């Protein structure tokens, strides 16, 4: 096409159309040139900070989120909580008794040992104290005794195994073996001595004893527990624990089974 023909074509196109076409070409080129720079700026731009605070970069946010996840990589664990358990204070008593008290447990997690990976196996030491009032034999009513105070001190040790776990909760299983010392005569030894006897015979000094009331003598017996716990994570280091147990003791002539439930706080420390 010669110059004269090209000039005629240009004169046939409205001026506004030519302006728009040229502007579109330059705009597209400018946008294409600016896109990589804008993209890099948007990925590196910090988040908007509230007045009086410092903005946190994207890298900082990721680090905070990572630190907030419970990893269960702690070396030690301490638990303390309130305790409920029941028991039987005498071989021939028809009813069991309830106790309230507390529990403290310390656990050392072994890491990857004995073919068990991922810090799942731990060695535990446990102490429990429970106290309550027990019913007695009906004949104790002549001394004004309907219920008397008894309590147990329990020391044991064993293993814990961490099963299912995630960032929100973990389920553990444990087995403990130890000894329980039962004190059953607190109310009896403190009972005032009275004067009585069989009619027609001289009066004698009387005081109830454990056999008359129907409870065990003070003694120490083997004790054990099997159970589990569920830890609800409040933070990577702190959790709320609920732990039910089936317990065993041998104060009388046979081994008997009872129930124990504790609830308290777990604190994890010593990163492995």
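Here the condition is being under 30 Å from residue 188 (Cβ atoms), surrounded by 15 or more Cβ atoms within 10 Å (Cβ to Cβ) and touching a residue at least 40 places away in the same chain (Cβ under 8 Å); of 220, 262, 253, it holds for 262 alone. Of the numbered criteria (1) closer than 23 Å to residue 229 by Cα; (2) touching a strand residue (DSSP E or B) at 6+ places or on another chain (Cβ under 6 Å); (3) surrounded by fewer than 19 Cβ atoms within 10 Å (Cβ to Cβ), the one residue 111 fails is (2). Within the stretch 87-103, being surrounded by fewer than 16 Cβ atoms within 10 Å (Cβ to Cβ) and part of a strand (DSSP E or B) holds for 98, 100, 102. Report yes if residue 116 is touching a strand residue (DSSP E or B) at 6+ places or on another chain (Cβ under 6 Å) and either over 30 Å from residue 252 (Cα atoms) or modelled with pLDDT under 95 (or both), otherwise no. So residue 116 fails the test.
Among the residues of the stretch 143-183, those that are more than 14 Å from the chain's Cα centre (by Cα), crowded, with 21+ Cβ neighbours inside 10 Å and modelled with pLDDT of 95 or more comprise 150, 152, 154, 156, 176, 180, 182.
The values are calculated or read from the model by the stated rules, or taken from the named source; none is laboratory data. Not measured: the values here are computed from a predicted model. No Cβ is skipped: glycine too gets one built from the backbone with ideal geometry, and neighbour counts run over all protein chains shown.
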